[in-house]
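Enquirer: Right, I'll just put the structure down here and ask away after.
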Amino acid sequence: MFTKQEQRSWLKIQCALGRTARQYHEDLVETCGETVLPYRTVARCIRAFNEGRESKADVAQPQVALVSVTMSAVCSSWWETFSMSTAIGHIRQLMCLTWSQATKRNIEGGGFGPVLWIEFGVAQWSERLVRRTKDPDLTVQLASPEQLQPKPEVTDLQFGKNFTDHMLKILYHESLGGWQRPEIVPFENIVLHPAAKVLHYATELFEGMKAYRGVDGKIRIFRPDMNMERMNRSALRAGLPTFDGEQLIKCLCRLISIDQEWVPHSESSSLYIRPTLIGIDPSLGVAACGSAMLYTILCPVGSYFSGTGENPVSLLADPRFIRAWPGGCGDKKMGSNYAPTIQVQQEAQGRGLQQVLWLYGEENLITEVGTMNIFMVFINDRGEKELVTPPLDGLILPGITRASILHLSREWNEFPVSERRISMAEVINLLGQNRLLELFGAGTACVVSPVASIMYNGENLQIPTVKQEYPLYARLRKTLTDIQYGYVPHPWAVPIDP
């Protein structure tokens, strides 16, 4: 239990953080229970401390706060509680002066003893403390100053190269009743048994999501419920445990809130969210997993590849290579779907192309482009502009961006929208008749990416996507990003509590 002196020390630090008397007192009630200082005492301590303080107009300037605490408090459980609950990511340095140093400087005030120097960066004074989570089933361990990672410049961001300070981990053990308590911990390496099933049988899956910092400063994630549904479908197919998607979204929001400073202040960048589920049973043998780990890492990202925005991508379409087949797992987001594509991607790059257009069957049906769903805009036999995309027949991933594009297009009700098979023969025929207007890919990583050309059977097919006066891909991309970055209020964009 904390003493009155320790409570006053706590108040002293809270004063430096610019919080109200009522907020201080509520914290004390929560922490100290019945032994809490009376509210009037709290208010009196605050008034006394604030006398002589600089005005609130100055608190956004870089400065050093002198906060007095007792030496006994620094050595007590109270200090441990404070240091663990402080938003360490907002503090550049913590340094305790020794008793002798404090005496020499003659910084002795209010009976609070030696001082603690807390150096804050610009505009950090108003930042809140990271509180104990409201969810009793989620534990949080904040990174120490030594564990904090340097933040790259937005202009230097590369996809998947830089990671934030914390991660989410949730273990599953069937023998212990299933899912264990979720925990947010400092970013760390994962230790696995050499016989872990993920290492031998690819019992693994993942999701791709993003958090966006809006024009209003709020952070939003885009349609997370759809990612959870898709992730559970993948888990079922991989013999991994399913989970409560709503609860995982809450955990993800908490993680993003803690690492919110990593969400770029740029509309050309975002925070990529990678939930991953792996089988960790320490035994060989192809079987459903009795133990698993669900973890999530975050990384600030810019463009997925250079061919985004108004720079269209070039594609290799080679019938020799097949990404997915009926009855397979092409519609699940598993790592085993991606590793076999690397060699083909390298071959495309070796020919000066950027992505692969995946074909299937004797008709050379179009399925996906790189890791994206594909759309085609053309003039149909009735002379109408039409939007078409391959159907969800097990060969393609049911993308969240794909579903959003179809929903928006049908909501506009300005042109026919269809989901049907598209062959390379149809593409060539439409191109020869000047009826093919646009081809573009769509996905979380790139949003919408126009296609410039397709290398197919030795012929380089030029696609006039970016030559249209009012291209549909550009309208769709703007509509989606306006929702994601808060220009347009929309239920698809879920705000993160700060």
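Enquirer: Any chance you could run the full-extension gain for PHE187 through ASP482? It's 0.36 nm times the residue separation minus the Cα-Cα distance, nm to one decimal.
Expert: On the way: separation 295, 0.36 × 295 = 106.20 nm, distance 3.15 nm.
Extra length available between PHE187 and ASP482 comes to 103.0 nm.
Enquirer: Something else: In sequence order, what are the phi-derived ³J(HN,Hα) couplings for the stretch 143-152 according to the Karplus relation 6.51 cos²θ - 1.76 cosθ + 1.60 with θ = phi - 60°, rounded to whole Hz, with x for glycine and proline?
Expert: Residue by residue, the stretch 143-152 yields 5, 7, x, 5, 8, 5, 9, x, 8, x Hz.
Enquirer: With a/c under 1.5 counting as rounded, go ahead and sort the stretch 401-459 into rounded, prolate or oblate using the C-alpha gyration tensor (a ≥ b ≥ c being the square roots of the eigenvalues; past the cut-off, prolate if a/b is larger than b/c, else oblate). Please report the intermediate quantities before stating the final value.
Expert: Numbers: a/c = 2.36, a/b = 1.47, b/c = 1.60.
Because a/c hits 1.5 or more and a/b fails to exceed b/c, the stretch 401-459 counts as oblate.
Enquirer: Right, next: Over 22 Å, how big is the tail of the calculated P(r) for the stretch 343-455, in percent of all Cα pairs? Mind dumping the intermediate values first?
Expert: Details: 1986 of 6328 pairs.
Here the long-distance tail beyond 22 Å is 31 percent of all Cα pairs in the stretch 343-455.
Enquirer: Whose amide H sits under 5 Å from the amide H of LEU437, counting only residues 5 or more places off or on another chain, with H placed in the peptide plane?
Expert: VAL377, PHE378, ILE379
Enquirer: Something else: With θ set to phi - 60°, apply the Karplus curve 6.51 cos²θ - 1.76 cosθ + 1.60 along the stretch 339-355 and write out the HN-Hα couplings as whole Hz, x wherever there is a Gly or Pro.
Expert: Taking θ as phi minus 60°, the curve returns 4, x, 8, 5, 4, 5, 4, 5, 5, 4, 5, x, 9, x, 9, 9, 9 Hz for the stretch 339-355.
Enquirer: How large is the accessible surface of TYR485 in square angstrom, using a 1.4 angstrom probe and rounding to the nearest 10?
Expert: It works out to around 10 Å².
Enquirer: Next up: Could you give each residue of the stretch 273-286 its phi-based ³J(HN,Hα) in whole Hz, using Karplus coefficients 6.51, -1.76, 1.60 with θ = phi - 60°, and x for Gly or Pro?
Expert: 10, 10, x, 9, 10, 10, x, 10, 3, x, 7, 7, x, 6
Enquirer: Once amide H atoms are built 1.01 Å from N in the peptide plane, which residues 5 or more positions from MET167, or in another chain, come under 5 Å H to H?
Expert: When sequence neighbours closer than 5 places are left aside, the close amide H contacts are VAL185, PHE187.
Enquirer: Could you give me D for the stretch 153-269, from Stokes-Einstein at 25 °C and 0.890 mPa s, where the hydrodynamic radius is the Kirkwood radius over C-alpha pairs? Units µm² s⁻¹, please.
Expert: 150 µm²/s
Enquirer: Taking all protein chains together and a probe of 1.4 Å, list MET455, MET167 from the most accessible to the least accessible.
Expert: Highest to lowest solvent-accessible surface, that is MET455, MET167.
The values are calculated or read from the model by the stated rules, or taken from the named source; none is laboratory data. All values reported here derive from a predicted model rather than from experimental measurement. The accessibility values were calculated without ligands, DNA or RNA, using every heavy atom of the protein model including side chains. Shrake-Rupley method; radii C 1.70, N 1.55, O 1.52, S 1.80 Å.
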